[in-house]
Amino acid sequence: MNIQPFHPENYRSIFILTGAGISVASGLPPYRGPGGLWEQADIARMVDGANLPESLPDLWRLYSARRRAALDAQPNVAHHAIATFQRRMFSTPAKALLATQNVDHLHTRAGSVVLELHGSAFRSRCLDIWCSQPSFYDEAIYENVPHCPTCGGFLRPDVVLFNENLSERILETALNVAHSCDLFLAIGTSGVVWPAAAFVQIAVNSGARTINVNVEPSGNTAFQEEYIGAAQEILPQLLG
Ligand SMILES: [Zn+2]
């Protein structure tokens, strides 16, 4: 495969979107595909927002396990390549937004500034949306459903569950960059599921160059270039 590194100084605005595929080399399983979390019917039930609050005990067992797995994992070469690239971009007039569908905090631990589209496994918030308790960083492992320090109600993981909406503020930020970017780079995401599919479609309609890096072809024609392979092998070359 002939990988042409791109030159960040040729762009005004770069949108980098990452999905579960980037964390596989860190030992964290993807959501879909062989061995993916979503193949397990019980997990699909746990992560359905429609099943709250009855699902809270199972949901906390799952997210405590995910916290433990993510804490045991380390950011890999791909996370570090993006963090290094972001630092280079900060010294230029161009803008680069990194958004992720992952909740594992590995971009942050690699030193990136990242927009977490689906929230974070390491944040908790009150189940009561009217409670004044703000979402807070939390790496505790819980045996039982934890209680809100403000109102005494139940806490939940601050992640976007199935059948729940992305935060409007976060979605708006990502959509604005999708409209204005001149380079859109997707990594480790199928690129065919919302919102990734919407972002790349908006970007290509707005005239951006669109690139996909994944272990299999997306089948999404909105991507003009695809690099098929492991992110940790392709990104260090692509990002220089
Ligand atoms: Zn509360």
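Could you please report the charge total around Glu233, scoring K, R as +1 and D, E as -1 over all other residues with beta-carbon less than 15 angstrom from its beta-carbon? Each step should come with its number before you reach the end.
Details: positive: none; negative: Glu216, Glu226.
Neighbour charge sum, excluding Glu233 itself: -2.
Largest first, please: the extent of the C-alpha atoms of region 20-159 along each principal axis, to the nearest Å.
Principal axes ranked by extent give 47, 39, 25 Å for the Cα atoms.
Working only with C-alpha atoms, what are the Rg and Dmax values of region 145-240, expressed in angstrom?
My reading of the Cα-based Rg and Dmax gives 17.2, 51 Å.
For the chain, just the Cα set please: Rg and Dmax, both in angstrom.
For the chain, the Cα radius of gyration and maximum Cα-Cα distance read 18.1, 57 Å.
Over the residues of region 48-117, compute the C-alpha Rg and express it relative to 2.2 N^0.38 Å. Don't jump to the answer; show the numbers that get you there.
On the way: Rg = 15.8 Å, N = 70, 2.2 N^0.38 = 11.1 Å.
Rg over 2.2 N^0.38 Å, computed on Cα atoms: 1.43.
Let me have the 222 nm mean residue ellipticity of the chain computed from DSSP H runs of 4+ only, each contributing -39500 (n - 2.57), with the sum over all residues rounded to the nearest 500.
Details: 7 runs with 72 residues, N = 240.
Only helices count here, giving -9000 deg cm²/dmol.
Here, each number is a calculation from the coordinates, and none is a lab measurement. Keep in mind it's a predicted model, so treat the numbers as computed, not measured. Cβ sites come from the backbone with ideal geometry, for glycine too, and all protein chains shown count toward neighbours.
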